[in-house]
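Beneath this line is the structure, given in structure tokens, with notes to follow.
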Amino acid sequence: VNTMNDLIKYLIEVYKKPIGWKDSDEKISVGEFSTKLASAYERFRNIFEYNEEHLVRRHAMSRILKRRITSGNNSSKIARSLVEELIRAKYLPNNTLPVDIISVVEAIISKYIYIYNNISSGLKLKIKNKVFDWVVNIAVVEIEEAIIPHHRENALLDVMYKTARKSVVFKTSIDNKRKDIYVFVASARSLFRVDNNWIAYKLLNITYKNWTTHNPQEVNSFINNFWNVRKNIDDIIYNKTVDKLSKNLKTLAVYFLIIDGVLRKYSQDADKIFSDSHILSQLVRKECEKRYKHSKEVLRRSAVRSVLFIFFTKIILAFIIEVPFDMFYHGKILFVPLFTNILFHPALLMFISSVTKIPSHRNTKNIIDGINWIVYGVSDKKKIIFSELRISDNSTTRGVIATFLYFMMYIITFGVLIAVLDKLGFNIVSMFLFLLFLSLVSFFAIRIRQTARRLVVEDKKENFFTALFDLFTLPIVRAGRWISLKSSKINIFVFILDFIIETPFKMLVELFDDLFAFIKEKKEEIY
């Protein structure tokens, strides 16, 4: 029998508590036919917009909320429509959420509409649109937290944060309050891969203690100090120290993810399990194997979504840009570049995904050691989990040299690729499309591999050849990252779906829902 630390005891008690809503509450229900239509549309739409799998629902909530607010509906109607639309799209379960949740969502929407109206008054249109996006995205995080119970996740993050806070040593002159915030944000990023909107919402809660109670004084204080508060939040979100720290906490996050899996499955027997290191180790090993298998499934799903996104986008661009250019400039279609551009990149992405390996048994042993360190304060290797955080101080000369070498890497990498494509008969448009999608595919592949290998805690072994390969592929990956960030703002296919197709389609779906509900009501009157 081993002695657990108090943080793990607290975590066990939280996981023992029931989750969800009371069965006696009246549930929100939508029609089965409308659900099939709406969910099919969402699956199709998501092909054209690549988002992290765990953020797809929140992106949909943001899209729906923006459309509903700009249509001029009141908060009550927006709240009901938002929840029902999310259920139809299968982002939320049907016949599960209590009707009372709509009034909770309505209060949140009213608060943020009030905030936006007061902040945006007198602003230029471009700035007003940015403020609108920011406010809506923060509102979406609060709505999601209100709809979906997160007390287990919040407790897990709290325990990881407190564990990390004891382990991280700062070598810079930062006050303790700022250190606490840095470690909290870094812990959240490494544990749940949260986005900037989630971080901004949590920092807002730290600044205003009664934010979720819709306290009028705090809301008005936020409105009056919006730009300063926003700047302080952005300073933390984009801080390099936080970014580096989140990478250092990746290993600790893996330990807590496995602890989370064991607690979810054995919450009622957790006291006994976590009191015996032998039993805990056996269950950790099983959980690791389960998570490795799940990671492989996530890898496959992510690869398929990315391949579909690339494939459909490539076909559309080929017929809009490449084929017309070939006919105008060459008087014929260049089939080799055309089919290479359509087929090469999806095939490359599938190949990279297929050769991604799952973690080894040694990785599982390292996870068991790490969990023993967390739960009992011991480790076979007596290792320090985290090295001290140091900020490099490059001189101006070294910075200039590094920038020049980095620029030369771009020239060499893309220069070689352009020369090869020229030999294969690619024209300037075909080359542009090939390099554009090669960059995107490389970036998607890195993200997919990182997702699949998230549970890896072993140190990656580097050799001369892998270092050389990384050196010359980095420009392509960096270019893909930049294109991915920019293309999300100018995605013409998503624009067409959102502003031309989605509104009338969703109105039709709601009409079907109302019609079938009316028919059902009349049938019940007869029988």
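The values are calculated or read from the model by the stated rules, or taken from the named source; none is laboratory data. Predicted model only: the values in this text are computed from it and were never measured. We place every Cβ from the backbone using ideal geometry, glycine too, and count neighbours over all the protein chains shown. Keep in mind that these areas ignore ligands, DNA and RNA; they rest on the heavy atoms of the full protein, side chains included. Shrake-Rupley method; radii C 1.70, N 1.55, O 1.52, S 1.80 Å.
What shape does region 306-354 take by its C-alpha gyration tensor, where a ≥ b ≥ c are the square roots of the eigenvalues and a/c under 1.5 counts as rounded, a/b above b/c as prolate, and the rest as oblate?
Cα axes put region 306-354 in the oblate bin.
If r is the Cβ-Cβ distance from Lys293 to Asn129 and R0 is 45 Å, what FRET efficiency results, to the nearest 0.05?
0.55
Please compute the modelled spin-label separation between Thr70 and Tyr329, points set 7 Å along Cα→Cβ, answer in nm with one decimal.
3.5
Taking H placed 1.01 Å from N in the peptide plane, check which residues at least 5 places from Lys27 or on another chain put their amide H under 5 Å from its amide H.
Val99
Size of the dipole of region 79-201 about the Cα centre, Lys and Arg at +1 and Asp and Glu at -1 on the beta carbon, nothing else charged, in debye to 20?
680
I need the phi-derived Karplus couplings for region 272-286: 6.51 cos²θ - 1.76 cosθ + 1.60, θ = phi - 60°, integer Hz, Gly and Pro marked x.
Result, rounded to whole Hz: 5, 5, 7, 8, 10, 5, 5, 4, 4, 4, 5, 6, 5, 4, 5.
Taking the Cα centre of region 1-127 as origin, work out the dipole magnitude from +1 charges on Lys and Arg Cβ and -1 charges on Asp and Glu Cβ, in debye rounded to 20.
Using Cβ point charges on Lys, Arg, Asp and Glu, region 1-127 gives about 540 debye.
What FRET efficiency would be calculated for the residue pair Asn5, Asp25, taking the C-beta separation as r and a Förster radius of 41 Å, to the nearest 0.05?
0.65
Would you mind calculating the gained length between Ser275 and Ser39 on full extension (0.36 nm times residue separation, minus the Cα-Cα distance), in nm to one decimal?
On the way: separation 236, 0.36 × 236 = 84.96 nm, distance 4.48 nm.
Length gained, Ser275 through Ser39: 80.5 nm.
As a quick test, which of the pairs Lys77/Lys296; Lys90/Lys365; Lys357/Lys423; Lys9/Lys202; Lys130/Lys179; Lys162/Lys240 have an alpha carbon distance above 32 angstrom in this structure?
Lys77/Lys296; Lys90/Lys365; Lys357/Lys423
Using R₀ = 41 Å, calculate the FRET efficiency as 1/(1 + (r/R₀)^6) where r is the Cβ-Cβ separation of Lys286 and Phe312; round to 0.05. Intermediate values should be presented prior to the final figure.
Values: r = 40 Å, r/R0 = 0.97.
Efficiency for this residue pair is about 0.55.
How many nm is it between the label spots at Asp180 and Ser121, if each spot is 7 Å from the Cα in line with the beta carbon?
In this crude label model, Asp180 to Ser121 measures out at 3.5 nm.
Taking the Cα-to-Cβ direction at Thr213 and at Glu153 and moving 7 Å from each Cα, how far apart do the two end points lie in nm?
Modelled inter-label distance: 2.5 nm.
Students often check this: by mean Cβ neighbours within 10 Å, which of 70-81, 410-421 ranks highest, and how do the rest follow?
Details: 70-81: 15.5, 410-421: 13.8.
The most tightly packed comes first, giving 70-81, 410-421.
Would you please put 432-444, 119-131, 255-267, 329-341 in order of how densely packed they are, using the mean number of other Cβ atoms within 10 angstrom per residue and starting with the highest? Before the final figure, lay out each step's value.
Numbers: 432-444: 21.7, 119-131: 12.4, 255-267: 20.0, 329-341: 14.5.
The peptides rank, most packed first, as 432-444, 255-267, 329-341, 119-131.
In nm, what is the difference between 0.36 nm times the number of residues separating Ile446 and Ile321 and their Cα-Cα distance?
Length gained between Ile446 and Ile321: 42.2 nm.
With no solvent and one point on each alpha carbon, what is the Debye value of log10 I(q)/I(0) for region 29-108 at q = 0.25 Å⁻¹?
-1.30
Report the residues of region 57-92 in range of a label on Phe226: point 7 Å along Cα→C-beta, backbone N strictly under 15 Å from it.
Label zone hits: none.
Could you report the accessible area of Lys36 in Å², rounded to 10, computed with a 1.4 Å probe on the protein chains as they sit in the structure?
120
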